[in-house]
Amino acid sequence: MKSESNYVPPRYIPLDQSDLETESAPRNEERSGAASGVGDGPAQWSSGICACCDDTQSCCVGLFCPCYLFGKNAEFLGSGTLIGSCVTHFILWALVNSVCCCMTDGILLGLPGCFVACYACGYRRALREKYNLQEAPCGDLVTHFFCHLCANCQEYREIRERSGESNSPDLKLAVVTAPPVQTMEPGNPE
């Protein structure tokens, strides 16, 4: 597990650029973002929207408990508390989705997705403004509507990358170590 802490995901290359075009641009330019004020326009995201498997820990948390990951992102942006944002996300996404599905026999399963997309796109916009990021791969609302779980993971990776915490403490999972092997030896027959 120690080798994963130094892992850096591969560079994000937009679809309209080739590998050769991005090699000529210095990598520091993309990391500087809005903090330095240098650059022609918005900076690129440090990872793509579909790069979830580059960071398996945040990918698993984002897949099985997206409410928690969304809450961590909102907490970092100063837009709420972990519990408040997590509960709001849970109500809009899981609970409303389940109720809608049960009441309509599955016909309106995807409808509540628009509620969480409307709510989550504001946080994505705040993150983009904070770090002067491109509105990529498409608009914030569309990205969250069609790729909500991937967008959550991408935003978390970006926050972790830009804040300088490549070994983020907030998603540390408990480390369980097995006890040493025990053997039983025959005792004295006294």
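The values are calculated or read from the model by the stated rules, or taken from the named source; none is laboratory data. Quick caveat, the model's predicted, so the values are computed rather than measured. For the accessible areas, the whole protein counts, side chains as well, though only heavy atoms, and no ligand, DNA or RNA atoms are used. Shrake-Rupley method; radii C 1.70, N 1.55, O 1.52, S 1.80 Å.
How much length is gained on full extension from Ser79 to Leu141, taking 0.36 nm per residue of separation minus their Cα-Cα distance? Write down the numbers at each step before the final one.
Working: separation 62, 0.36 × 62 = 22.32 nm, distance 1.77 nm.
Gain on extension, Ser79 to Leu141, equals 20.5 nm.
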Ranking Leu133, Leu141 from most to least accessible area with a 1.4 Å probe gives Leu141, Leu133
